[in-house]
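Next up is a structure, given as structure tokens.
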Amino acid sequence: MSYSGYDAGGAPNAGGAWRNDGGVPPHAFDPDIEPELFRGVLTRRVFAFLIDLVVLSVPVVLGYIFIAVFGLLTLGLGWMLFWLAWPASVLWAIVYYGASLGGPRSATLGMRVMDLELRTWYGAPGYFVLGAMHAVLFWVSVSFLSPLVVLVGLFNSRRRLLHDFVLGTVIINSAARSPWRSDSGVRFPSQPAR
């Protein structure tokens, strides 16, 4: 039980009564009611990851080529920039994931191609810090637990991976959500159409 001055709808609770629901709102996306939101998500996530890997790799490879050519032109002095290439690559990946997952579509380029979007467990879109942490925790979990960490998604109905559980996020099919979209952006089923 928890004491809350607000009821389940967020309105002030007259008298501040005790509630038995723990004070936590329900998940915004229920796989039993809307299975189409989670159908094929794991497979699409793999292909989205591969597309994003290419998007991330192209500027990094071009940067390494530039440093190599610059080193030749400066008789080896430019090669001292190679020590900056790795930190710049990590920073580029964090900014890419943070900006794209925190953008208006809550999806990276690969996720857009595969019709996926990131949402919080309560249905809100992503934001920069959440997107950046999503990438960092994914890479950390894969580094320590090997790619077998992806198997976690096979054993839950929302197809969430380990880092999704930690951050409270869920990846859904954006094409299956399109009836909820309005011309001004995303609306939730409980909100009236404009």
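Residue-by-condition table, conditions (1) surrounded by 16 or more Cβ atoms within 10 Å (Cβ to Cβ); (2) under 21 Å from L162 (Cα atoms):
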residue	(1), (2)
V41	yes, yes
V46	no, yes
P59	no, no
L72	no, no
W79	no, no
A85	no, no
E117	yes, yes
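Just to check your reading of the model, which residue among P31, P104 is within 30 Å of R159 (Cβ to Cβ) and modelled with pLDDT under 85?
Of P31, P104, the one residue that is within 30 Å of R159 (Cβ to Cβ) and modelled with pLDDT under 85 is P31.
Is one or more of the residues making up the range 138-152 under 24 Å from E34 (Cβ atoms), part of a helix (DSSP H, G or I) and in contact with a strand residue (DSSP E or B) (Cβ under 6 Å, 6 or more places away or on another chain)?
no
Name, by its number, the condition in (1) surrounded by fewer than 18 Cβ atoms within 10 Å (Cβ to Cβ); (2) of a type outside the set (S, T, N, Q); (3) farther than 27 Å from Y64 by Cα; (4) touching a Gly at 6+ places or on another chain (Cβ under 8 Å) that does not hold for V113.
Only one criterion is unmet by V113, namely (4).
Let me ask something additional. Against the definition (more than 14 Å from D164 (Cβ to Cβ) and aromatic (F, W, Y)), how does Y122 come out, yes or no?
no
The values are calculated or read from the model by the stated rules, or taken from the named source; none is laboratory data. Not measured: the values here are computed from a predicted model. Cβ coordinates were reconstructed from backbone atoms using ideal geometry, including for glycine residues, and neighbour counts include every protein chain displayed.
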